[in-house]
Amino acid sequence: MADPAAQLICDADALQNGGKGVRFEIRQYGETAAAFVIRHGGVVYGYLNRCRHVPVELDWQEGRFFDGDGDYLICSMHGALYLPDSGLCVAGPCRGQSLQSLAVSEHEGRIYYLPHADGA
C-alpha cells in the first residue's frame, strides 16, 4: 500500500457479499470511534458505526450489519434500513440521512482504511 497512513483492517476474503462485516476503530476529532467495512455487489464500503437517528452502533451481533436477505444495512435499535452502497437511510426515523462513509481500499488481498482521504 503506497499510503503510509493506511490502516490495515482485514484480509479481503473476510468480507463476503451481504455477509458479516468487520469492525475496527478510527480516530475522529481526537477520539476513538467505532467503524466497519462490508462487501456489497463485490465492492467494499466503510462507514462509521453510528446510526443517524440515535448515535448507537448498528450491528445486532458482532459484525452483523445486514438484514436477513443481505440487501440493507439495518440498525439494531429501531430497524432503520440503509443502502449498503451509499449509506442512505431508506426506511425508519432517519429516512433521507446517510451514514458517514469512510475511505477504504482493497489492495493485494487486503482491506485498508485511508484516514487522510476522510480528513480524519
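The values are calculated or read from the model by the stated rules, or taken from the named source; none is laboratory data. The structure displayed is predicted, hence computed values, not measured ones. Ideal geometry is used to build each Cβ from the backbone, glycine not excepted, and the neighbour counts take in all protein chains shown. Protein only, heavy atoms only, side chains kept; ligands, DNA and RNA dropped before computing areas. Shrake-Rupley method; radii C 1.70, N 1.55, O 1.52, S 1.80 Å.
Couple of notes before you dig in:
- In the chain, the calculated helix contribution to ellipticity at 222 nm averages -500 deg cm²/dmol per residue, counting -39,500 (n - 2.57) for every DSSP H run with n ≥ 4.
- Put simply, when 45-53, 72-80, 57-65 are sorted by average Cβ atoms within 10 angstrom per residue, most first, you get 45-53, 72-80, 57-65.
- Cα-based Kirkwood hydrodynamic radius, region 4-49, one decimal, Å: 11.3 Å
- Between S101 and D85, residue separation times 0.36 nm minus the direct Cα-Cα distance comes to 4.8 nm.
- Distance in nm between pseudo-label sites at A33 and L8 (7 Å out along the Cβ direction from Cα): 2.5 nm
- Structural descriptor for the chain: relative contact order 27 percent, calculated from alpha carbon pairs under 8 angstrom and at least 6 residues apart.
- Taking the protein heavy atoms of the chain in the context of the full set of protein chains, the accessible area attributed to carbon and sulfur is 45 percent at 1.4 Å.
- Whole-number accessible area per residue in Å² for the chain, which is evaluated in the context of all protein chains at 1.4 Å: 53 Å²
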